[in-house]
Amino acid sequence: MSIPFSSTHYRIPQGFGNLLEGLTREILREQPDNIPAFAAAYFENLLEKREKTNFDPAEWGTKVDDRFYNNHAFKNESSEDKDMEENAALKIQAAFRGHLAREEVKKMKSSDLQEKTEENE
């Protein structure tokens with residue numbers, strides 16, 4: 001008998017989600033009439049493959065999940081990293097502003113030269 005609105009949270013064993021994803025994918029791909037029988041055959045096939053090849057898809061899925069969730073790319077940046085990024089952005093912006101200023105000076109010089117040549121003619 002189930003208890004409605006229970007606040008109990010169950011922990012899903014590592015690799016179990018991957019097994020269910022694989023089963024779900026095959027069910028959607030094959031569209032079997034008898035899903036429980038298909039699931040039984042699917043898991044029997046997985047067991048046979050595991051025994052023959054020593055490859056456990058649940059263990060492999062656990063390693064993939066662990067690598068994904070423990071990847072340092074997903075961790076929050078430290079304040080030192082943010083400072084480095086901010087300094088880099090400031091240098092890029094300063095270089096671009098310097099470029100714009102030099103272009104403006106070139107325009108001013110060319111217009112001054114043009115005015116002088118017009119006065120001399």
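Here are the numbers for this structure:
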{"read-out": "Selection count, region 28-62, where residues are surrounded by fewer than 12 Cβ atoms within 10 Å (Cβ to Cβ) and of a type outside the set (A, V, I, L, M)", "value": "14"}
{"read-out": "Residue in region 1-8 that is part of a loop (DSSP other than H, G, I, E, B), at pLDDT below 80, among the aliphatic types (A, V, I, L, M) and within 26 Å of Asp65 (Cα to Cα) present", "value": "no"}
{"read-out": "Filter result for Lys106 (at pLDDT 75 or above and either under 21 Å from Gln14 (Cα atoms) or in a loop (DSSP other than H, G, I, E, B) (or both))", "value": "no"}
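The values are calculated or read from the model by the stated rules, or taken from the named source; none is laboratory data. Please read these numbers as outputs of a predicted model, since none were measured by experiment. Because the Cβ atoms are built from the backbone with ideal geometry, glycine has one as well, and the counts that use them run over all protein chains shown.
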